[in-house]
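**Student:** For reference, the structure I am asking about is given below.
Readers should treat all values here as calculations from the given coordinates under stated rules, not as data from a laboratory. Note that this is a predicted model, so its numbers are computed, not measured. FYI the Cβ positions are ideal-geometry reconstructions off the backbone, even for glycines, and counts take in every protein chain you see.
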Ligand SMILES: C[S@@+](CC[C@H](N)C(=O)[O-])C[C@H]1O[C@@H](n2cnc3c(N)ncnc32)[C@H](O)[C@@H]1O
């Protein structure tokens with residue numbers, strides 16, 4: 001098995017300035033990728049197993065069921081997955097497409113190492129290349145012999161594009177178009193549906209989503225010398241119909257002062273710190289978004305209830 005890993009993780013100083021910028025905003029909001037330290041990646045894997053969170057099971061079912069059709073739609077080349085997490089989804093594509101190289105991007109180095117080691121054992125003839133980075137800021141893949149002369153096929157499942165607000169999502173899709181160099185993108189997005197169902201999916205009864213959000217405060221304490229008391233924040237996930245999104249936030253239980261990165265931060269009772277958004281896209285909204293970023297949707301596979309789609313995008317020109 002051949003495995004290589006390139007580490008382009010943002011430096012500690014960048015982390016500090018991102019967090020300070022987010023805490024100065026009103027409402028306060030931090031980039032979603034901060035949720036994924038080693039513990040966050042573990043908790044996200046547990047969220048995917050919760051009965052309320054059907055997205056992973058539905059998307060995996062679609063990939064397994066349509067793998068051959070997807071393979072003929074996207075053609076051959078190296079597969080580039082944006083945000084591999086615990087690598088639950090790419091296996092049917094590796095089997096159907098049989099690329100020479102699989103490239104996995106993730107902000108969590110620990111998730112990358114574990115996932116690529118596991119996939120490398122399952123697929124010993126495929127080169128496994130990991131790139132630890134913020135993929136929303138990556139203009140191209142780093143030079144690597146395994147990529148020379150290879151067509152690129154992008155894979156972005158998990159409705160992760162929904163973590164970006166629409167203007168940023170367009171930018172991300174534009175960047176991916178350049179990075180994929182003319183190749184297609186397989187994009188998984190779930191759709192707006194019953195708000196109660198959506199809110200339950202992001203606030204499971206077992207409290208794993210809440211633990212995932214509070215872990216962000218533990219991470220900030222560790223990485224930026226903070227003294228957040230995570231139990232002094234309530235977790236909430238609310239459907240916002242106008243924006244067609246779920247907003248996830250930690251809400252201060254009381255007036256409190258937190259030290260972080262050498263500064264004092266005042267949190268008033270009831271004040272939210274937004275940890276994440278998840279924007280939902282109808283097929284039409286997905287097509288509009290793709291068009292703004294220079295893509296067109298060539299195929300769409302969806303589940304029976306039409307709650308989640310895998311879109312095959314190709315460059316529009
Ligand atoms: C919602 S999880 C989805 C995981 C997997 N793709 C799935 O569909 O189950 C998002 C994954 O992308 C990674 N991630 C989130 N934001 C990222 C960013 N800006 N750049 C790179 N990786 C990111 C996280 O570490 C996590 O593994």
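**Student:** If a residue must be crowded, with 20+ Cβ neighbours inside 10 Å and assigned to a helix (DSSP H, G or I), how many such residues does the range 95-135 contain?
**Tutor:** Summing the residues that are crowded, with 20+ Cβ neighbours inside 10 Å and assigned to a helix (DSSP H, G or I) in the range 95-135 gives 7.
**Student:** Further question: State all residues of the range 191-209 that are crowded, with 21+ Cβ neighbours inside 10 Å and under 17 Å from residue 41 (Cα atoms); if no residue qualifies, say none.
**Tutor:** Correct list: 202, 209.
**Student:** Just the residues that are outside any helix (DSSP H, G or I), within 23 Å of the chain's Cα centre (by Cα) and farther than 15 Å from residue 187 by Cα, please, taken from the range 64-94.
**Tutor:** 77, 78, 85, 86, 87, 88, listed by residue number.
**Student:** Next question, about the same structure. When the residues of the range 81-93 are filtered to those that are crowded, with 20+ Cβ neighbours inside 10 Å and closer than 14 Å to residue 119 by Cβ, which remaining residue is nearest to the ligand (Cβ to nearest atom)?
**Tutor:** Checking each candidate, the answer is 85.
**Student:** Can you confirm whether the range 7-29 contains a residue that is within 16 Å of the ligand (Cβ to nearest atom), in a strand (DSSP E or B), in contact (Cβ under 8 Å) with a residue 24 or more places away in the chain and touching a strand residue (DSSP E or B) at 6+ places or on another chain (Cβ under 9 Å)?
**Tutor:** Scanning the range 7-29, I find at least one residue that is within 16 Å of the ligand (Cβ to nearest atom), in a strand (DSSP E or B), in contact (Cβ under 8 Å) with a residue 24 or more places away in the chain and touching a strand residue (DSSP E or B) at 6+ places or on another chain (Cβ under 9 Å), so the answer is yes.
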